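Q: Here's a structure for you.
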Amino acid sequence: MNGLDFPRKCAALSVSRKIVYNTTNRYKELGTLNDRPGRGRHATATSGQKVKCVCEMVRRNPKRSLRKIAKVIGNSRSSITRIVKRKKGLKFLRCQKGHILLLHMMENRQVKYTAIIQRLGEARYRDITFSDEKIFTIEAPLNRQNNRVLAKSLAETDEV
């Protein structure tokens with residue numbers, strides 16, 4: 001089509017002269033035939049400022065419900081859900097319960113275990129029962145059905 005003059009291009013494509021003229025000008029100006037950026041309705045409920053605000057609230061208290069976050073920010077609950085799930089990839093996960101083993105406690109267990117095995121010999125090591133002192137915490141009881149945490153993976157729920 002490069003060798004044809006303007007009226008013959010229109011006839012070959014069977015479109016009006018205005019369409020060919022506008023299309024060639026758009027291609028020269030933008031380098032593509034796609035729409036210009038910024039067309040259509042812009043998102044306001046899930047804008048960057050609201051996303052930052054929601055992320056900060058979740059970071060401070062990951063156990064806070066989406067309904068309470070929505071009430072504080074002034075958005076609808078569905079908009080907050082959209083921000084949390086789609087934009088940040090977070091989901092509500094159950095809190096994980098586990099024994100509190102610190103690094104020095106694990107090292108002490110290993111030392112005691114090897115000492116007992118050496119003292120008793122290989123034959124009787126299966127008869128041994130290990131017990132530690134009871135650790136009392138002042139945490140509230142954990143109800144796994146109700147207590148959920150906003151996190152990306154189960155590993156992050158342990159930190160809360």
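Q: Please specify each residue of segment 18-64 satisfying the condition of being within 21 Å of the chain's Cα centre (by Cα) and among the basic types (Lys, Arg).
A: Lys50, Lys52, Arg59, Arg60, Lys63, Arg64
Q: Okay, next question. Only one of these conditions is not met by Asn143: (1) at pLDDT 75 or above; (2) in contact with a His (Cβ under 9 Å, 6 or more places away or on another chain). Which number is it?
A: (2) is the only condition that Asn143 fails.
Q: Something else: Please find, within segment 80-116, the residue that is farthest from Ala43 (Cα to Cα) out of those that are charged (D, E, K, R) and part of a helix (DSSP H, G or I).
A: Lys112
Q: Within segment 1-79, considering only helices (runs of 4 or more DSSP H) that don't extend past its boundaries, which have at least 1 residues that are of a type in the set (Asp, Glu) and at pLDDT 85 or above?
A: In segment 1-79, the matching helices (runs of 4 or more DSSP H) lie at 17-30, 48-60.
Q: So, in segment 73-104, of the ones that are among the hydrophobic types (A, V, I, L, M, F, W, C) and surrounded by 13 or more Cβ atoms within 10 Å (Cβ to Cβ), which residue ends up farthest from Leu150 (Cα to Cα)?
A: Here the residue is Ile73.
Q: Does Val58 meet the test of being assigned by TED's automatic domain parsing to the domain that holds Leu90, in contact with a strand residue (DSSP E or B) (Cβ under 6 Å, 6 or more places away or on another chain) and at negative phi?
A: Yes: the conditions hold for Val58.
The values are calculated or read from the model by the stated rules, or taken from the named source; none is laboratory data. Computed from a predicted model, the values in this text were never measured in an experiment. Neighbour counts are summed over all protein chains in view; Cβ atoms, including those assigned to glycine, are modelled from backbone coordinates with ideal geometry.
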